[in-house]
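Derivation of every value follows stated rules applied to the coordinates shown; laboratory data play no part. What you are looking at is a predicted structure, and each value in this text was computed from that prediction instead of being measured. Using ideal geometry, Cβ is built from the backbone for each residue, glycine included, and neighbour counts are taken over all protein chains shown.
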Ligand SMILES: O=C(O)CCC(=O)C(=O)O
């Protein structure tokens, strides 16, 4: 369980590091799971980008499913999300050593997966020590209180470098290096601004990321992954109410980085087929 100090820290800063969550035995198990052929082949296919983000990892190995639902994780996040929790997505975050294989620009996760409320967070499980050298995450203290920042270009599309509001990670804002030890985790709020660099060490940075949501957060955009909506705490998905938070959400129209929608998916176009295909247009509006 989190102490009241840790809960206050998360609420104030928008992130938290907790060490000594998993034993060496559990970490070795995860490491072994990463080593299976099915998973390894993904890390090597894309030398220049998002090969390290392999989504739906819970469907690829039973151990990853087990750890996404593990009481050690769920007991820690229950005070932050409430009793009814679902998985929103799962992924490997394995940074291979080398330039341009793992840079993540400043962003808020919520900008890519907006919901009706912001009760979403990500747990990163560190299978090795996280260091500046191997591309640990950096987070801006208190940025979860800034609302949803702009991640769009003038056409409403995702920008190449994610968040456009540079002031948000300059002084007086404080940037913190998030460096859990092997077996530790970090937890960050879906609005916490974060980034990470390449892995300049000689070893892969093995880690897993599970994004969870309060079950009353209803998804507005981005892909529904195979494991989205998996109940990990409390009631199953029946009879869940939807909770609305008052906010403005700049919905991304597309993802430039990858038209197929991997890894972030595209905003759902909430239009019927005839409208989407341009067969139906108002006779009173110009294009
Ligand atoms: O793995 C990392 O260093 C960062 C991952 C990240 O920011 C994300 O997936 O949103």
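Observations on the model:
- FRET efficiency for residue 116 and residue 154, using Cβ-Cβ distance with R0 set to 35 Å, rounded to 0.05: 0.85
- FRET efficiency, residue 36 to residue 274 (Cβ-Cβ, R0 51 Å, nearest 0.05): 0.65
- Nearest-0.05 FRET efficiency for residue 201 and residue 247, computed from C-beta distance (R0 41 Å): 0.60
- Extension gain, residue 224 to residue 171: 0.36 nm times the residue separation minus the Cα-Cα distance gives 15.4 nm.
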